[in-house]
């Protein structure tokens, strides 16, 4: 496989002055012929190839574009493949039977082959300011179709504006993306402040690429992030949920989280947790860092990761502190925790809209924490059968590993799960008494004899 250095060495020998890199900055693209780069069709998914050839055979231009081209050049396996074309969304929809039109602000076509979905976008032109930009500078309508060159210059980062042409297997570079990849540089295309205002989520994408690809931000691309991070508060909470999963479930959560904190972005996404992190950084940071490291390790090992556990860790400290507050007001343990969890989640979903299918599980994980201390009688055996026991137990281990005085309890549950039932009974019987008197069974009143 050719490295980026080898690609540039070959280009210096083979390209003419017409296709020089300096020309790519002036509007003429740098064309990298198939012998001069490392992308092979055997590294492209069969579904993506079917879409590319389907459009080509229908008489349209078709290119792989964006992160898949970038990752293939870097030697990574892309998670998904995106296609750009001069066909309109309606024309694409007619070409592929198993496809559907999606989006209003940005109309796309999803083409399905088995479980794989290929996203197909029509070349975009720069949005018309009077009709498609709001007072904050955000793009509110982005269905102005254009040419390949216009599409390249309106993309976010140079490293995402590289196109793989299915007609001759060349790579087309209008913006200097290949040079930035070689220099390990993330550079926003165009006027940086304007591009961030058009879509503040680009700040999240920039930081995610730093964590994921081990690249560095261009000076101007970096300088504006702390200044404009507050604009993320105006992004729909549902969209920020999707972006949060990309940030924290990409396999580089620990590094990415540090970047979010350093650039002031975490304060916008998780303001409750961020406020406590500033007050008591060591305790909050230790548990969260350990949770993110564990998440990265599970992803690296190919093990499943649930977003519910991630959000349980991200929001544990706000919940924990509010829980202690309600207990101090003489609310009993579990109702106090349930009340704290409900309030923290209600505030959090205003910023990052955590779906109920995850927030309910996060609450289960939290409520299991005090229940795991209640082991007498038949409680322990019933608790092991709880559908969320394993997640609650893992969270208990996490708390123990990060300094809470729970080592003995965590070890007890670790042993209890694997021993036979008679041994479980002995372990429960060996527990110290709770000091609570057993409840007296209330007798029912005798029925009063009916008088005649």
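The values are calculated or read from the model by the stated rules, or taken from the named source; none is laboratory data. Worth saying up front: this structure is predicted, and the values here are computed from it rather than measured. Heads up, the Cβs are rebuilt from the backbone with ideal geometry, glycines too, and the neighbour counts pull from every protein chain shown.
Quick notes
- Residue list for segment 103-120, filter: under 16 Å from residue 146 (Cα atoms), surrounded by fewer than 20 Cβ atoms within 10 Å (Cβ to Cβ) and in contact with a helix residue (DSSP H, G or I) (Cβ under 8 Å, 6 or more places away or on another chain): 107, 108
- Residues that are in a helix (DSSP H, G or I), surrounded by fewer than 23 Cβ atoms within 10 Å (Cβ to Cβ) and over 22 Å from the mean Cα position of the chain (by Cα) are absent from segment 195-208.
- Counting only helices (runs of 4 or more DSSP H) that fall entirely inside segment 333-400 and contain at least 1 residues that are without any contact (Cβ under 8 Å) to a residue 40 or more places away in the chain and buried (at least 19 other Cβ atoms within 10 Å of the Cβ), the qualifying elements are 333-348, 356-371.
- Failed item in (1) within 24 Å of residue 185 (Cβ to Cβ); (2) crowded, with 21+ Cβ neighbours inside 10 Å, with residue 255 passing the rest: (2)
- Hits in segment 156-170 (condition: in a loop (DSSP other than H, G, I, E, B) and surrounded by fewer than 24 Cβ atoms within 10 Å (Cβ to Cβ)): 156, 166, 167, 168, 169, 170
Quick grid of which residues meet (1) assigned by TED's automatic domain parsing to the domain that holds residue 400; (2) part of a loop (DSSP other than H, G, I, E, B); (3) buried (at least 19 other Cβ atoms within 10 Å of the Cβ); (4) out of contact with any strand residue (DSSP E or B) (no Cβ under 8 Å at 6 or more places or on another chain):
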site: 244; (1), (2), (3), (4): no, no, yes, yes
site: 250; (1), (2), (3), (4): no, yes, no, yes
site: 292; (1), (2), (3), (4): yes, no, yes, yes
site: 295; (1), (2), (3), (4): yes, no, yes, yes
site: 299; (1), (2), (3), (4): yes, no, no, yes
site: 309; (1), (2), (3), (4): yes, no, yes, yes
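- Some residue of segment 390-405 being in the same structural domain as residue 318 (by TED's automatic domain parsing), farther than 30 Å from residue 307 by Cβ and at pLDDT below 95: no
- In segment 409-422, of all residues being at pLDDT below 95 and in a helix (DSSP H, G or I), the one that is nearest to residue 289 (Cα to Cα) corresponds to 421.
- Residue count, segment 77-102 (criterion: part of a loop (DSSP other than H, G, I, E, B) and surrounded by fewer than 14 Cβ atoms within 10 Å (Cβ to Cβ)): 4
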